[in-house]
Amino acid sequence: MSENIGKLLLRIMLGGMLLFHGIYKLQHGIGAIKGMLTAHGLPSLLAYGVFVGEILAPILLILGFHSRVWAGIIALNMLMAIYLTNFKGMTSLGAYGTWGMESVAFYLTTALAITLLGSGKYAIRRD
């Protein structure tokens with residue numbers, strides 16, 4: 001039982017925290033992401049994928065609907081974020097001693113853990 005509760009907590013934490021990023025982008029736009037994509041020679045149309053990775057995926061992950069798939073999409077979203085920011089923060093510290101990539105690393109590793117572990121018992125559709 002505790003293993004399933006742990007998986008539920010992982011899903012809620014990852015999905016809940018990432019959803020705030022998606023809501024922010026929904027309210028304020030994705031112009032900055034479009035700019036980063038074109039700077040890397042990629043089509044700006046790909047920027048709309050952020051809504052899949054930061055709104056749809058977190059909601060379905062929290063619900064536990066094909067959690068491995070949606071966690072994998074979140075992991076890919078984070079890898080793209082690392083690439084688009086040119087690995088900024090990889091070797092830097094924040095103002096209070098945090099790693100420059102702390103939040104991205106949290107989202108990435110938690111998504112990978114869920115991809116490997118699955119959703120657990122408390123899910124709409126277990127995998």
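General observations
- Top positive-direction residue, dipole computed over region 11-127 with Cβ charges, set Leu19, Ser92, Ala123: Ala123
- Protein-only accessible surface order, largest first, of Val50, Val104, Val69 at 1.4 Å: Val69, Val104, Val50
- Share of carbon and sulfur in the accessible heavy-atom surface of region 41-127 [1.4 Å probe, %]: 70 percent
- Close amide H partners of Phe65, meaning residues 5 or more places away or on another chain with modelled amide H under 5 Å apart, are Ile124, Arg125.
- Between Ile82 and Phe20, the contour length at 0.36 nm per residue exceeds the alpha carbon distance by 20.5 nm.
- On Cα atoms only, tilt of 2-28 relative to the major axis of the chain in degrees: 30 degrees
- Proximal aspartates and glutamates relative to Lys88, as straight alpha-carbon distance under 13 Å, when same-chain residues fewer than 8 apart are discounted: Glu102
- Ordered by solvent-accessible area of protein heavy atoms (1.4 Å probe), largest first, the residues Arg125, Arg11, Arg68 come out as Arg125, Arg68, Arg11.
- Axis angle, to the nearest 10 degrees, between helix 67-84 and the longest C-alpha principal axis of the chain: 20 degrees.
- Derived value for region 1-101: Kirkwood hydrodynamic radius 14.8 Å. Basis is the mean of 1/r over every pair of different alpha-carbon atoms.
- Computed accessible area, Phe106, all protein chains, 1.4 angstrom probe, square angstrom: 70 Å²
- Whole-angstrom gap from region 82-127 to region 35-79, using each part's C-alpha centre: 13 Å
The values are calculated or read from the model by the stated rules, or taken from the named source; none is laboratory data. Just so you know, these numbers come straight off a predicted model, no measurement behind them. FYI the Cβ positions are ideal-geometry reconstructions off the backbone, even for glycines, and counts take in every protein chain you see. Accessible surface areas use protein heavy atoms only, side chains included; no ligands, DNA or RNA. Shrake-Rupley method; radii C 1.70, N 1.55, O 1.52, S 1.80 Å.
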